[in-house]
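Undergrad: The structure's right below; bear with me while I get my questions together.
The values are calculated or read from the model by the stated rules, or taken from the named source; none is laboratory data. Please read these numbers as outputs of a predicted model, since none were measured by experiment. When we count neighbours, we look across all protein chains shown, and the Cβ atoms used for this are built from the backbone with ideal geometry, even at glycine. Ligands, DNA and RNA are excluded from the accessible area calculation, which covers all protein heavy atoms including side chains. Shrake-Rupley method; radii C 1.70, N 1.55, O 1.52, S 1.80 Å.
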Amino acid sequence: MEKTRLKGGSLSGTYLCRRPSGELFVRKEASLTIHREYGFQRWYSQLKRLQRYGELFPGVFPKLISYGKQENFAYFDIEYIPDSVTAHNFLLQNSNRSKIDALFSELVSVMDLMHKVRIPSNPEAIDLYIYEEMEQKFQACLNNRRFQELISERDVVFNGKTVKGLYWVLDEFKKMSRKVYQQPTETFTHGNLTLENILYQPKDNRIIFVDPYEENVIDSALAEYSQILQSSNSLYEIYNDSSSAKIFGNEVEMVVSIPFGLKYFDQKFNAFLKDRCSVQDLNMVRLLEISQYVRMLPFKMEIDEDKMVFFYVLGSHLFDNLKQDWSV
């Protein structure tokens, strides 16, 4: 069997595989001995979602072929989606409004298909979310020397602008979240719906969700929207793929250009949110967008400490922007 490593998977490996017969499939592996909490457990959550969602939403996720163990690695195999590109790469490469409109409309249709199930929740769920996805993620980084140095200063600097570091304003974040998370409803979610986790087949105008994620605490459509904003508004993939960041202690600098396709998509998506969400929900989406940058810190700590520093500072910058725009 031939294997070619693909992009993606911070603590796992994704491979395009070819059988002797010529059949293509995708394999995702995770170590059973190293980084179990942030590697194997996350891999396992994807496996379980693929199993369930393959039955609940046929055609939306890749078909699961098999899974098992080889030596010290767990693996699962899924179907290969030919002639597809990530939604993020499609937007980077396209400036045709009608083509972007087609992708956008299909994405909304697929999201709405999953989100049509309404599961009653409660406002207090946000307390558990913040504890698990922010406080505990900070806690996981406290023994890291770079992170200790980073939070030893209460202020951080993003592209020349000084703001309070998120670690030091978490109580303020909690109060704002409790104020706006008042009509919670949960649903079926992808769990990590960034634009790089969405495949698109332009010829068939088909959306396929890949790399679902289970450990969300809150399965909310608002969280899904925040993850798309993470890509289109706060430019996660562009920043993550760039090597041009300048990092000096608690100061980071990175100036990037935003392709027309991504700008246009972001404008459409923000218009969609304003039409779909109340003012309270819009603020909650932005708070959840910021939280995504805390959730990822332990993963970045394990593989690239510079990225850990960069995204902590970026999240702090986004929170400062939200406070300036805040209205309920």
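Undergrad: DSSP loop (so not H, G, I, E, B), at most 11 other Cβ within 10 Å: list which trypsin sites (Lys or Arg not before Pro) in the range 1-96 pass both filters.
TA: The qualifying sites are K7.
Undergrad: How large is the dipole of the chain about the Cα centre if only Lys and Arg carry +1 and Asp and Glu carry -1, each at its Cβ, rounded to the nearest 20 debye?
TA: For this selection, approximately 380 debye.
Undergrad: Determine, from the Cβ-Cβ distance of W326 and L32 and an R0 of 41 Å, the FRET efficiency 1/(1 + (r/R0)^6), rounded to the nearest 0.05.
TA: 0.35
Undergrad: How much length, in nm to one decimal, is gained on full extension between R206 and D241, taken as 0.36 nm per residue of separation minus their Cα-Cα distance?
TA: Length difference between fully extended and current span is 10.0 nm.
Undergrad: In addition: Compactness ratio of the range 165-239: Cα Rg over 2.2 N^0.38 Å, N = residue count?
TA: 1.32
Undergrad: What are the equivalent ellipsoid semi-axes of the range 187-328, built from the alpha-carbon gyration tensor (square roots of five times its eigenvalues), in whole angstrom, biggest first?
TA: 24, 19, 17
Undergrad: Let me ask something else about it. Take every Cα pair under 8 Å in the chain that's 6+ residues apart, average their separations, divide by the length, and report that relative contact order as a whole percent.
TA: Worked out over the chain, it gives 21 percent.
Undergrad: Across 20 Å bins from the origin, how do the percents of Cα pairs in the chain run, short distances first?
TA: With 20 Å bins starting at 0, P(r) equals 31, 61, 9, 0.
Undergrad: With the other protein chains left in place, how much accessible area per residue, in square angstrom, belongs to the chain at a 1.4 angstrom probe?
TA: So the chain comes to 46 Å² accessible per residue, rounded to a whole number.
Undergrad: For F73, enumerate residues with amide H under 5 Å from its amide H, sequence gap 5+ or separate chain, H modeled in the peptide plane.
TA: For F73, the qualifying residues are L32.
Undergrad: Ok, one more. Which residue fluctuates the most in the chain, going by a Gaussian network model with Cα springs under 10 Å, if the choices are N89, N72, N205?
TA: N72
Undergrad: Sticking with this one: Could you give each residue of the range 126-133 its phi-based ³J(HN,Hα) in whole Hz, using Karplus coefficients 6.51, -1.76, 1.60 with θ = phi - 60°, and x for Gly or Pro?
TA: Result, rounded to whole Hz: 5, 5, 5, 4, 5, 4, 6, 9.
Undergrad: At what distance in nm do the modelled label points of N270 and V108 sit from each other, each positioned 7 Å from its Cα along Cα→Cβ?
TA: 1.7 nm
Undergrad: Continuing with the same structure: Report, in debye and to the nearest 20, how large the dipole of the range 149-232 comes out about its Cα centre when Lys and Arg carry +1 and Asp and Glu carry -1 on their Cβ.
TA: Dipole magnitude for the range 149-232 comes out near 420 debye.
Undergrad: When the Cα atoms of the range 16-105 are enclosed in a convex hull and the volume is divided per residue, what value in Å³ results?
TA: So the per-residue Cα hull volume is 140 Å³.
Undergrad: Equivalent-ellipsoid semi-axes (√(5λ), Cα gyration tensor) for the range 237-307, whole Å, largest first?
TA: In descending order the semi-axes read 28, 18, 10 Å.
Undergrad: Right, here's the next one. Which distance in Å, rounded to a whole number, links the C-alpha centroids of the range 174-218 and the range 149-163?
TA: 30 Å
Undergrad: Continuing with this model, one more query. Based on the alpha-carbon gyration tensor of the range 93-241, what equivalent-ellipsoid semi-axes (square roots of 5 times the eigenvalues) come out, in whole Å, largest first?
TA: Equivalent ellipsoid of the range 93-241: 31, 22, 14 Å, largest first.
Undergrad: Let me ask something else about it. Note down the nm distance, to one decimal, between modelled labels 7 Å out along Cα→Cβ at W168 and at L24.
TA: Each label point lies 7 Å from its Cα, and together they span 5.1 nm.
Undergrad: Determine the share of the chain's accessible area contributed by carbon and sulfur atoms, expressed in whole percent, with a 1.4 angstrom probe.
TA: 47 percent
Undergrad: Measure out, as a whole number of angstrom, how far apart the alpha-carbon centroids of the range 49-122 and the range 235-269 sit.
TA: 24 Å
Undergrad: Please work out the Kirkwood hydrodynamic radius for the range 60-102, using every pair of different C-alpha atoms, and report it in angstroms with one decimal place.
TA: 13.3 Å
Undergrad: Which value does Rg/Rh take for the range 59-147 over its C-alpha atoms, Rh per Kirkwood?
TA: 1.10
Undergrad: A further question follows. Work from the charge dipole of the range 160-216 (Cβ charges, +1 for Lys and Arg, -1 for Asp and Glu, about the Cα centre) and give the residue of M176, L199, P212 farthest towards its positive end.
TA: Checking the options against the dipole of the range 160-216, the answer is M176.
Undergrad: Quick one: if the Förster radius is 41 Å, what FRET efficiency do Q182 and D304 give, using the C-beta to C-beta distance and rounding to 0.05?
TA: Here the calculated transfer efficiency is 0.65.
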